[in-house]
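Undergrad: Below you'll find the structure I mean.
The values are calculated or read from the model by the stated rules, or taken from the named source; none is laboratory data. All figures in this text were calculated on a predicted structure; none of them were measured in a lab. So basically every Cβ, Gly included, is an ideal-geometry build from the backbone, and we count neighbours across all protein chains shown. Surface areas here come from the heavy atoms of the whole protein model, side chains and all, with no ligands, DNA or RNA. Shrake-Rupley method; radii C 1.70, N 1.55, O 1.52, S 1.80 Å.
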Amino acid sequence: MSSIVRFLVVLVLALAILVSAVSYIVQGTIRRWFERDVALRAEAVVSGAHDGIVSGWRNPDSEEMDRVLSRIARQERVLGIAACDCELRLAASSADFPADIDCRSIGPLVYTTDQGGEPGGHWHSYAGVRDLGSGRVHLSAIPVRDGAMTLGFVMLAHDLSYIQRREGVMRWFTVVSFGFLAVAASLLTLAVARMSWRGWTMEVRRFLRGGNTMPARREFQPIVRDLRDLVARIAAEADGDTVAGHWTAERLRHTLRKHLHGEKLVIVANREPYIHQRADDGAIQVQHPASGLVTALEPVMRACSGVWVAHGSGNADREMADARGRVRVPPGEESYTIHRVWLTPEEENGYYYGFANEGLWPLCHVAHTRPTFRSDDWTCYQSVNRRFTEAVCAEVDVDDPIVLVQDYHFALAPRMIRERLPRATILTFWHIPWMNAERFGICPWRTEVLHGLLGSSIVGFHTQQHCNNFLEAVDRYLEARIDREHHAVVQGGRGTLVRPYPISIEHPSRWALLSPPPAECRESVFAELGLGADALLGVGVDRLDYTKGIEERMLAVERLLERFPRFLGRFALVQLAAPSRTMIERYRELNESVERLAARINHRFANGAYRPIILLRRHHEPLTVFRYYRAADLCYVSSLHDGMNLVAKEFVSARDDERGVLVLSSFTGAARELTEALIVNPYDMEQASSALGDALAMPAEEQQERMRSMRLYLSEFNVYRWAGRMLVDAAHLRRHGRLTGRLVEPVRIVEESLP
Ligand code: ADQ
């Protein structure tokens with residue numbers, strides 16, 4: 001049923017109830033008035049004929065009583081009249097007096113015995129309505145007195161059918177007038193709505209045609225700014241971009257040609273997109289690291305070309321690079337360059353494992369692992385940031401390059417690059433959450449970190465919430481002006497914009513396109529895992545990290561099997577877990593506890609070859625990961641805290657068959673975008689296990705509906721759009737800087753030039 005039909009049905013029902021209630025009340029009131037009038041009329045009639053009745057009573061042989069009664073009975077709406085004596089015997093009656101009413105039955109209603117059982121009593125009038133077979137009748141019984149002596153009583157019956165007729169007319173009138181009122185009110189509302197809609201439309205049109213210099217009408221003002229931002233953003237995205245439709249690698253290339261004129265991009269990121277490793281047989285293999293940052297940025301670099309400055313971490317990296325540490329990638333395609341920076345084990349320990357991953361990582365994630373800050377690590381972090389800055393400066397060939405600084409490994413690099421290249425446009429993207437200001441206060445070098453980041457022209461986060469937290473931190477710990485209206489920080493005359501750029505993945509994914517059809521993937525994965533054809537499979541894909549909620553995921557599976565034994569022996573969760581940061585004690589502990597937990601749950605529910613948890617603790621190449629995504633009935637992403645989480649998006653991208661259910665932690669950035677997933681609190685085992693049960697029982701049509709909608713979202717918001725938006729923003733800033741010749745852009749100017 002369409003929403004309009006539903007609305008009309010509800011409206012008609014509501015009106016019907018309202019009209020019934022009103023007509024019931026009005027009808028009851030009018031009926032009571034009529035009855036009272038009839039009773040008064042009866043009293044008046046009897047009182048007018050009093051003398052005749054008394055005289056008739058006194059002279060029973062005269063026919064006076066009959067004459068009086070028949071005169072009364074001829075009056076309009078009088079059905080009949082009868083006289084009863086004190087012994088409750090009928091003294092006289094008109095011809096049409098209803099036979100169902102007799103003196104005996106009415107007597108007790110007009111004669112009341114005095115209380116206390118004393119002999120005697122008193123006579124009084126009675127009026128009431130009776131339902132006779134022939135219809136409703138109003139009966140008045142009125143005592144007839146001759147001086148102090150009561151002779152008996154008269155019963156006067158009035159026909160009430162005319163009241164019923166009038167009630168019918170009144171009801172009809174009420175319905176018609178209410179109906180008329182409702183229609184008139186609806187038409188009036190519609191007319192007013194149309195008029196104001198037209199007013200709004202004209203205002204918006206006027207605005208879009210450029211008449212926005214005039215002050216907007218009052219009711220329009222609240223959205224003027226939003227609209228202006230939106231128009232500017234769309235214009236910026238479309239600016240010179242003749243390739244219409246969705247964002248693709250080609251469109252991104254085109255946009256960058258337009259804005260960067262073929263200049264190269266320089267990215268600084270700790271992790272390199274291709275790692276050269278010497279295998280046991282001596283051959284050199286290329287590995288794609290398990291990293292969300294790489295997943296997102298690698299397709300962008302392939303589209304844009306340029307240089308990726310990264311730590312050379314593979315054991316065969318030096319062999320594959322030239323004397324300056326440079327190597328062309330991707331193998332066979334060679335569209336961009338990796339500039340490898342060589343770190344000593346001490347540098348790697350202090351900067352990467354120490355300050356970045358034992359300090360900043362747990363600081364930014366609310367996942368109950370204490371951050372550890374050591375001054376030696378800090379020293380290393382500073383010097384490695386400087387080394388990467390030098391590598392960047394060695395790569396640029398203009399004095400105002402666009403440099404993309406990636407993640408929490410390089411909080412100081414933006415300031416260092418700014419000092420060396422004052423005209424550079426530096427875009428820093430923080431891939432993990434930014435905590436609240438109070439928590440950030442834990443960091444002993446909080447002001448240095450903020451100062452370093454504010455060397456950027458733009459600092460980007462996944463969500464507006466992270467941007468707000470960052471601004472709060474600056475407000476609390478630095479001497480800087482926060483321009484809340486423009487989401488910017490102004491320090492020493494320079495502005496840094498703080499913007500949300502929710503990251504995404506390459507979609508359609510090349511790995512999905514390269515994979516076999518889902519049915520084939522399911523067959524091969526089920527064979528690999530030794531699962532029966534009717535088994536149900538869940539998949540989890542993560543770096544082995546305590547923020548990913550891997551233990552919570554396994555506990556949810558345990559609770560599922562406890563609560564819903566029908567899944568016992570049928571459902572298994574395969575966990576692809578890439579070992580990560582194993583030099584850090586907390587990660588080694590996690591490896592062991594995950595292993596122990598899987599063993600305990602498996603021991604508890606094992607049956608023959610059946611094991612509910614299949615833990616594959618190693619790195620997998622993307623094609624294998626996608627084969628698992630395509631084979632599974634559900635994917636459970638249970639992060640305890642996550643900036644975005646690209647596994648969730650990859651699962652959706654992998655399912656071109658529109659099947660499979662995504663169960664997603666509410667503590668991921670992705671939960672704000674993939675709202676058709678089953679969103680859960682991963683700490684709540686009841687809720688999470690229910691969601692797993694619901695996912696496994698979800699009908700194919702519902703899976704399809706949810707998956708289709710999430711895939712549609714991904715096709716609109718893929719990583720090319722993410723990169724395109726950031727780079728266009730950066731290019732605008734730079735163009736403005738070039739035009740004004742300024743080294744420093746106050747926020748006002750920045751704002752004018754940015755969407
Ligand atoms: P990560 O913490 O690395 O990213 P995520 O966004 O989920 O987390 O990306 C993980 C990537 O690694 C995915 O591409 C996945 O396929 C791959 N991967 C995971 N496990 C693997 C395995 N066992 N074998 C092979 N590949 C595996 C950080 C932030 C996130 C943010 C991204 C991007 O923590 O919040 O979404 O950066 O900004």
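Undergrad: Could you derive backbone 3J(HN,Hα) for segment 378-387 from the dihedral phi with the Karplus parameters 6.51, -1.76 and 1.60 (θ = phi - 60°), listing whole Hz in sequence and x where the residue is Gly or Pro?
TA: 4, 4, 4, 4, 5, 6, 5, 4, 5, 5
Undergrad: Taking the Cβ of Gly107 as the center, what net charge do the other residues with Cβ under 11 Å away carry, scoring Lys and Arg +1 and Asp and Glu -1?
TA: Numbers: positive: Arg89, Arg104; negative: Asp85, Glu87, Asp102.
Computed value for this residue: -1.
Undergrad: I'd like to check one number: the per residue accessible area of segment 1-103, probe 1.4 Å, reported in Å² as a whole number.
TA: Working: 6650 Å² over 103 residues.
Counting only protein heavy atoms, the per-residue value for segment 1-103 is 65 Å².
Undergrad: Measure of size requested: the Rg and Dmax of the chain, with Cα atoms as the atom set and Å as the unit; please supply both.
TA: Taking only Cα atoms of the chain, I get Rg and Dmax of 43.7, 148 Å.
Undergrad: Further, regarding this structure: How many times 2.2 N^0.38 Å is the alpha carbon radius of gyration of segment 612-669? Don't skip to the end; give the middle numbers.
TA: Numbers: Rg = 11.7 Å, N = 58, 2.2 N^0.38 = 10.3 Å.
So segment 612-669 has a normalised radius of gyration of 1.14.
Undergrad: Let me ask another. How high is the FRET efficiency from Arg67 to Asp100, r the C-beta distance, R0 22 Å, rounded to 0.05?
TA: Efficiency, from the Cβ-Cβ distance: 0.30.
Undergrad: Hey, what D do you get for segment 294-430 in µm²/s if you plug the Kirkwood alpha-carbon radius into Stokes-Einstein at 4 °C and 1.567 mPa s?
TA: On the way: Rh = 16.0 Å.
Stokes-Einstein gives a translational diffusion coefficient of 81 µm²/s.
Undergrad: For segment 453-510, what are the per-bin percents of Cα-Cα distances with bins 5 Å wide, up to the bin holding the maximum?
TA: Taking all Cα pairs of segment 453-510, the binned fractions are 4, 18, 28, 22, 9, 6, 5, 4, 2, 0 percent.
Undergrad: With label points built 7 Å along Cα→Cβ from the Cα atoms of Val204 and Thr447, find their separation and express it in nm.
TA: 4.9 nm
Undergrad: Right, another one. Over segment 388-486, give the accessible area per residue in Å² for a 1.4 Å probe, as an integer.
TA: With the other protein chains kept in place, segment 388-486 gives 32 Å² per residue.
Undergrad: Here is a further query. Separation between the Asn436 and Glu334 pseudo-spin-labels, each 7 Å from Cα along Cα→Cβ, expressed in nm?
TA: 5.4 nm
Undergrad: Right, here's the next one. Could you give the length gained on full extension between Ser125 and Val366, defined as 0.36 nm per residue of separation minus the Cα-Cα distance, in nm? Please list the in-between numbers first.
TA: Working: separation 241, 0.36 × 241 = 86.76 nm, distance 8.55 nm.
Contour length minus the Cα-Cα distance gives 78.2 nm.
Undergrad: Among the GluC sites (Glu not before Pro) in segment 322-379, which ones are in a DSSP loop with at most 12 other Cβ atoms within 10 Å of the Cβ? Mind listing them? Intermediate values should be presented prior to the final figure.
TA: Numbers: sites: Glu333, Glu334, Glu346, Glu347, Glu348, Glu358; in loops: Glu333, Glu334.
Here the GluC sites (Glu not before Pro) that fit, given the DSSP loop and packing criteria, are Glu333, Glu334.
Undergrad: May I pose another question? With a 1.4 Å probe and all protein chains kept in place, how do Asp399, Asp281 rank by accessible area, largest first? Don't skip to the end; give the middle numbers.
TA: Details: Asp399 90, Asp281 125 Å².
Largest to smallest exposure gives the sequence Asp281, Asp399.
Undergrad: State, to one decimal in nm, how far the label point of Arg32 lies from the label point of Arg77, with both points 7 Å from Cα in the Cβ direction.
TA: Computed distance between label sites Arg32 and Arg77 equals 1.9 nm.
Undergrad: Counting only protein heavy atoms and using a 1.4 Å probe, what share of the accessible area of the chain belongs to carbon plus sulfur, as a whole percent? Can you show the working numbers first?
TA: Working: 18910 of 34790 Å².
With neighbouring chains kept in place, the figure for the chain is 54 percent.
Undergrad: If you don't mind, another one. What trypsin sites (Lys or Arg not before Pro) does segment 442-520 have in DSSP loop regions with at most 13 other beta carbons within 10 Å?
TA: Numbers: sites: Arg446, Arg476, Arg481, Arg484, Arg494, Arg510; in loops: Arg484.
For trypsin sites (Lys or Arg not before Pro) across segment 442-520 that sit outside H, G, I, E and B with at most 13 neighbouring Cβ atoms in 10 Å, the list reads Arg484.
Undergrad: What FRET efficiency, computed as 1/(1 + (r/R0)^6) with R0 = 30 Å and r the Cβ-Cβ distance, is obtained for Met195 and Ile17, rounded to the nearest 0.05? Before the final figure, lay out the partial values.
TA: Numbers: r = 31 Å, r/R0 = 1.03.
About 0.45, to the nearest 0.05.
Undergrad: Separate question: Expressed as cubic angstrom per residue, what is the convex hull volume of the alpha carbon set of segment 245-331?
TA: Values: hull volume 9.2 nm³, N = 87.
Taking only Cα atoms, segment 245-331 has a hull volume of 106 Å³ per residue.
Undergrad: To continue, here is another question. Once the piece of chain linking Phe178 and Ser55 is laid out straight, how much longer is it, given 0.36 nm per residue of separation minus the C-alpha distance between them? Could the numbers behind the result be given before it?
TA: On the way: separation 123, 0.36 × 123 = 44.28 nm, distance 5.52 nm.
Gain on extension, Phe178 to Ser55, equals 38.8 nm.
Undergrad: Let me ask something additional. For a test of the definition: using alpha carbon positions, the gyration tensor, and the 1.5 limit on a/c, classify segment 476-616 as rounded, prolate or oblate. List each step's numbers first, then the result.
TA: On the way: a/c = 2.92, a/b = 1.95, b/c = 1.50.
It is prolate, given that a/c is not under 1.5 and a/b is the larger ratio.
Undergrad: Still on this structure, I have one more. Please list the non-local residues whose amide H lies under 5 Å from the amide H of Val309, H modeled 1.01 Å from N, same-chain partners needing a gap of 5 or more.
TA: Ile267, Val268, Ala269, His339
Undergrad: Along the charge dipole of segment 1-77, Cβ charges K/R +1 and D/E -1, which of Ser20, Gly52, Ser62 sits furthest on the positive end?
TA: Positive-most Cα among the choices belongs to Ser20.
Undergrad: Filter the trypsin sites (Lys or Arg not before Pro) in segment 240-330 to those in DSSP coil with at most 13 other Cβ atoms within 10 Å of their Cβ, and list the result. Show your work: numbers first, answer last.
TA: Details: sites: Arg251, Arg253, Arg257, Lys258, Lys264, Arg271, Arg278, Arg302, Arg318, Arg324, Arg326, Arg328; in loops: Lys264, Arg271, Arg324.
Filter output for segment 240-330: Arg324.
Undergrad: How much of the DSSP bridge set in the chain is antiparallel, in percent, rounded to the nearest 5? Intermediate values should be presented prior to the final figure.
TA: Values: 46 of 92 bridges.
For the chain, the DSSP antiparallel bridge percentage is about 50.
Undergrad: Related question: Is the C-alpha gyration tensor of segment 476-540 telling us rounded, prolate or oblate? Criteria: a/c under 1.5 is rounded; beyond that, a/b larger than b/c is prolate, otherwise oblate.
TA: Numbers: a/c = 6.07, a/b = 3.52, b/c = 1.73.
It comes out prolate by the Cα gyration axes.
Undergrad: Moving to a separate point now. Working only with C-alpha atoms, what are the Rg and Dmax values of segment 365-467, expressed in angstrom?
TA: That works out to 14.2, 45 Å for Rg and Dmax.
Undergrad: While we're here: Rounded to the nearest 0.05, what FRET efficiency is calculated for Glu346 and His486 with R0 set to 41 Å and r the Cβ-Cβ distance?
TA: Working: r = 43 Å, r/R0 = 1.04.
Working from the Cβ atoms, E equals 0.45.
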